[in-house]
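Okay, structure first, notes after.
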Amino acid sequence: MKIFALVKAGDYSIWLTPCAKTASLSAVMTQATQIIAFLEELLRLKAVPRTGWLLRGVREVESVADHSFGVAWVAMLLADRARAQGHIVDVEKVLRMALLHDLTEARTGDFPATIKRYFAPGALPAAEERIAEEMLADVGVPDAPYLTLWHEYEARATLEARLVKAADKLDLLLQACAYERGGARTMHEFWQRAEQEFAALGLAELVTDLLTTLRESRR
C-alpha cells in the first residue's frame with residue numbers, strides 16, 4: 001500500500017510519495033520563484049511604449065505588449081492560411097515565437113530604427129542575445145525550450161520564424177493605418193518598403209492580398 005504525504009505550498013497542495021526526496025519540494029518552490037520573477041519582469045512590456053510612433057508625432061502610443069498581442073493574432077491567422085495552402089506549419093511554435101519575439105525589450109526598451117545605426121555592427125544583436133539568455137535561463141522545460149525558439153526566430157531560417165516576422169510587419173502596418181485614421185501624417189515610409197520586406201521573407205502568396213487590402217483602406 002502506498003502512503004502519500006500532503007504538503008501545503010501557498011494555496012496549493014502537493015502530494016509526495018515516501019520515496020520523494022526532500023529536495024523535490026524545494027525544487028518546486030525554487031522554480032515557482034523563478035517563474036514569478038520572470039513574469040514580474042515581463043510586466044514591464046505593458047508600460048514600454050513603441051518609440052517609433054512617438055518619434056513620428058503620435059502621443060498616445062501602443063505598448064510593446066500591445067504589439068506582441070497583435071503579432072500573436074496575425075501570426076496565428078497566417079499560420080492557418082499557410083496550412084490551408086498545403087504548407088506544413090507548427091502553429092504552436094509560431095505562437096510561442098510571437099510571444100517571445102520582443103522579450104528583450106523588457107530590459108532595453110524599444111529601440112527605434114533611427115538609433116540602431118549608431119551601434120557598432122553586431123553590438124545590439126549580441127546584447128539582445130545575452131539578455132535573452134539571462135531572462136530565459138530559469139524558465140521553460142525540456143519540451144518547451146524558449147531560448148531555442150528565440151534563436152530560431154532571430155535566424156529567420158524556418159517557415160515558422162518567417163511567418164512571425166511577417167506578422168510583426170503586418171501588425172505594424174495595421175497600427176500605422178489606425179494612427180493615420182486618427183490624423184497622423186508621417187507613416188508613408190512604412191508603406192514604401194513594405195513589398196520589399198515581405199518579398200525577402202518569401203511569403204508573397206500569404207500576404208500580398210492582405211497588403212493590397214490594407215493599402216486600399218488608406219484611401
Taking only pairs six or more apart or across chains, which ones have beta-carbon atoms under 6 Å, a first residue in the stretch 64-82 that is among the charged types (D, E, K, R), and a second residue that is assigned to a helix (DSSP H, G or I)?
81/206
Restricting to the stretch 177-198, name every residue that is at pLDDT 90 or above, under 25 Å from the mean Cα position of the chain (by Cα) and over 28 Å from residue 159 (Cβ atoms).
178, 179, 180
Is there any pair linking a residue in the stretch 180-204 that is touching a residue at least 24 places away in the same chain (Cβ under 8 Å) to one that is of a type in the set (Val, Ile, Thr) and in a helix (DSSP H, G or I), with Cβ under 8 Å and at least six apart or on different chains, and which?
198/207; 198/208
With the requirement that a residue be acidic (Asp, Glu) and in a loop (DSSP other than H, G, I, E, B), what does the stretch 112-160 give you?
138, 143
So, in the stretch 83-105, of the ones that are part of a helix (DSSP H, G or I) and touching a residue at least 40 places away in the same chain (Cβ under 8 Å), which residue ends up farthest from residue 146 (Cα to Cα)?
105
If you check residue 199 against the conditions, is it aliphatic (A, V, I, L, M), within 28 Å of residue 59 (Cα to Cα) and assigned by TED's automatic domain parsing to the domain that holds residue 85?
no
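The values are calculated or read from the model by the stated rules, or taken from the named source; none is laboratory data. Values in this document were obtained by computation on a predicted structure and should not be read as measured data. Cβ atoms come from the backbone with ideal geometry, glycine included; neighbour counts cover every protein chain shown.
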